Structure formats: C-alpha cells, structure tokens
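Enquirer: Before anything else, here's the structure in question.
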Amino acid sequence: MAGLTHPSLVVLSGAGLSAESGVATFRGSDGLWEGHRIEDVATPEAFKKQPEIVQRFYNLRRAGLKTVEPNAAHQALVKLEREWPGPFLHITQNVDDLNERAGATKLLHMHGELKKVRCVWCRSVLPWETDLETSTPCPECAKPGKLRPDIVWFGEMPYYIDEIMRALETVDVFLCIGTSGLVYPAAGFVRLAAEHRCARLIEVNLEATGISGQFTEQRLGPATVEVPRLVQDLLAAEF
Ligand code: APR
C-alpha cells in the first residue's frame, strides 16, 4: 500500500458498535437471541404464521431508538468518513439509525432499517416512526395487512450486495467493528477483501471471534475507546 494517495477504506459494523449506546446485541448473555427464538420473530415464515408477535418485536425495538443516542464510536466513524482522503464506505448490519444521527452519509444498511417499512403488495418502501399493526393500511396502495418491517430476515437476501462486492474488490483498508462474525454473507467479507489483496484488515471487538485469525491487526476493547483511537491512527498514517 506504500505510496497510495487515495487508499480505499471499507467499514463493516455490527451490534457491538451500538452496544454502548444501550442497543441490545443479538448473541451473548443479554442478547436479543437469548430472549427470543430467531424462528419466532426473524423469518418470513414467522411473519406469515404470527404477524402480531413479529410486529410487536420490531415495534418495541423501533420505539427503543427514541431512548438511545450515538456514541463516540459512531462519531469517530463520521470523522473518518469526512476526512479520509480516498473512497469510503460504511456497511452496517445494524438496523438502528445511530450512524445517520451521528452524521454518516456513505452508509449502506445491508440488513434493513427499523425506521422503514415495506409493502409486500405494492413493494413501496416508506419511512416509518411509529408502531405498525397487522391491519395498518399501506399509505401508497391502501391495502391493509401488507406492511412489514424493512428488515432482512434469516433466509432473505441482504441488500446492496452488488455495491458491497464492488467495494471489496478495490479495498485497501478493511475495518470490522463489533460483529461476532457468525452471520453470512457479512462474516465472509474479510476473506473477500483479503483475496483482493487488501493490505490492512483490522478487527475491533471486546473479544476474539471465530474470524479473528483472518485479520492482520486486532484491537481488543470497547468500541467507544478503540474506534476513536483507531480513527486517529488511520488519519495520521502515511500510505
Ligand atoms: N465494543 C466492541 N465490541 C462489542 C461491544 C463493544 N462495546 N459489545 C459487544 N461487542 C461485540 C461482541 O463481542 C460480539 O462479537 O459485538 C459482537 C456482537 O455480536 P452479535 O450480537 O452476534 O451481533 P452482529 O454480529 O451484529 O450480528 C449479525 O445477526 O441476528 C443477526 O441480523 C442480525 O445483523 C445481525 C447479525
């Protein structure tokens, strides 16, 4: 990478980025998947069988966004987005809006967004702030009972895959922040970046993960401490 004036940087973030803001992660002792079975709330089959339970799960999480704020790690990533001299892309698996609220613009929500709903009838995608009921009519086509959270459930295709693959083909610095590396395709991005000769593969996490061995550097610790430090180092580095 020596001599590059405009190195390209890709960030992949997961639930650990928002954990210190008070948003629950998925796995681990207090994780969402400890209190709920994935197959009850996060699959298209669950939505077909028990839409009330699925809507309630996401209504609670959407309402919860009003009680949390972006943290120092979200803010540091926005500083990186604004000051990085080359191409920048932040891919998040998170469905919260904390990156946008910190000011992020070069951001892709590959697993959807809590504050959007989708009509399975007319396919409109709409911003949404309040609770969604199973009978709520679609504001576009007026059909009742066709709106669902715009969340990518297990068994569904993540969003923006073509754009993500293109970014990974030319990435020079890949950061992976606060993700357990258990859910594909996101967990495979580090390998793709390495195959495309990405020079620096950096993982930030509280602990080692099943994919830690694929990184060239590791920063162990809370995101609110490690991400601002890492951003400072990256912005000061000579490439
Ligand atoms: N700082 C850094 N890392 C943290 C912090 C923190 N403060 N808190 C937790 N972590 C790490 C954990 O060690 C763990 O590796 O964040 C990771 C969170 O893992 P998961 O709960 O599995 O969340 P994530 O990897 O984002 O899940 C991926 O799974 O269920 C699906 O669609 C859902 O997008 C989600 C996907």
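Enquirer: Carbon-plus-sulfur fraction of the accessible area of segment 12-75, 1.4 Å probe, in percent?
Expert: 53
Enquirer: Here is a further query. Segment 154-195 to segment 69-148: how many Å between their Cα centroids?
Expert: About 18 Å separates the Cα centre of segment 154-195 from the one of segment 69-148.
Enquirer: May I pose another question? How much length would be gained if the chain were fully extended between residue 163 and residue 122, taking 0.36 nm per residue of separation minus their Cα-Cα distance, in nm to one decimal?
Expert: Separation in residues times 0.36 nm, less the Cα-Cα distance, equals 12.3 nm.
Enquirer: Kindly report the accessible area of the chain per residue (heavy atoms of protein chains, probe 1.4 Å, no ligands, DNA or RNA), in Å².
Expert: The answer is 49 Å² per residue.
Enquirer: Moving on to the next point. Which of 21, 29, 212 ends up with the largest GNM mean-square fluctuation for the chain, with Cα atoms connected below 10 Å?
Expert: 29
Enquirer: Which residue, 141, 119, 198, has the most motion in a Gaussian network model of the chain that connects Cα atoms within less than 10 Å?
Expert: Maximum among the listed residues: 141.
Enquirer: Percent of alpha carbon pairs in segment 152-203 separated by more than 13 Å?
Expert: For segment 152-203, the share of Cα pairs beyond 13 Å comes to 59 percent.
Enquirer: No other cysteine beta carbon under 4.7 Å away is the test; run it over the chain and list who passes.
Expert: 176, 198
Enquirer: Rank-order 35-41, 89-95 by packing density, defined as the average count of other C-beta atoms within 10 Å over each peptide's residues, highest first.
Expert: Highest to lowest by the protection proxy: 89-95, 35-41.
Enquirer: When the helices in the chain are scored as -39500 (n - 2.57) per DSSP H run of 4 or longer and the sum is shared across all residues, what 222 nm value do you end up with, to the nearest 500 deg cm²/dmol?
Expert: -9000 deg cm²/dmol
Enquirer: Go ahead and run the numbers for FRET between residue 154 and residue 83, Cβ-Cβ distance against an R0 of 25 Å, rounding to 0.05.
Expert: Efficiency, from the Cβ-Cβ distance: 0.10.
Enquirer: Share of segment 194-239's accessible area from carbon and sulfur, percent, 1.4 Å?
Expert: Solvent-exposed carbon and sulfur of segment 194-239 make up 46 percent of the total.
Enquirer: Turning to a different aspect of this structure: By how many nm would the segment from residue 63 to residue 192 lengthen if fully extended, with 0.36 nm per residue of separation less the alpha-carbon distance?
Expert: Fully extending the segment from residue 63 to residue 192 adds 42.8 nm.
Enquirer: Between 214, 74, 184, whose Cα lies farthest towards the positive end of the dipole of the chain when Lys and Arg beta carbons carry +1 and Asp and Glu beta carbons carry -1, centred on the Cα centre?
Expert: 184
Enquirer: Pop the C-beta distance of residue 239 and residue 33 into the FRET formula with R0 = 35 Å and round what comes out to the nearest 0.05.
Expert: 0.35
Enquirer: Ordering 136, 25 from largest to smallest accessible area (1.4 angstrom probe), what's the sequence?
Expert: Heavy-atom accessible area, descending, gives 25, 136.
Enquirer: Using modelled backbone amide H atoms (1.01 Å from N, in-plane), which distant-in-sequence or interchain residues come within less than 5 Å of residue 146's amide H?
Expert: Close amide H contacts, sequence-distant or interchain: 138.
Enquirer: Per-residue HN-Hα couplings for segment 56-68, Karplus 6.51 cos²θ - 1.76 cosθ + 1.60 at θ = phi - 60°, whole Hz, x for Gly and Pro?
Expert: Ordered by residue, 3J(HN,Hα) equals 5, 4, 7, 4, 5, 6, 5, 5, x, 5, 6, 9, 10 Hz.
Enquirer: For the chain, take the longest principal axis of its alpha carbons; what is the angle in degrees between that and the long axis of helix 223-236, to the nearest 10 within 0 to 90?
Expert: So the inclination is approximately 40 degrees.
Enquirer: To continue, here is another question. I want to verify a result. In a Gaussian network model of the chain, Cα cutoff 10 Å, which of these has the top mean-square fluctuation: 218, 50, 75?
Expert: 50
The values are calculated or read from the model by the stated rules, or taken from the named source; none is laboratory data. Everything numeric here is computed off the predicted structure, so don't read it as measured data. Note that each Cβ is placed from the backbone with ideal geometry, even for glycine, and that neighbours are counted across all protein chains shown. All accessible areas refer to the heavy atoms of the entire protein, side chains included, with ligands and DNA or RNA removed. Shrake-Rupley method; radii C 1.70, N 1.55, O 1.52, S 1.80 Å.
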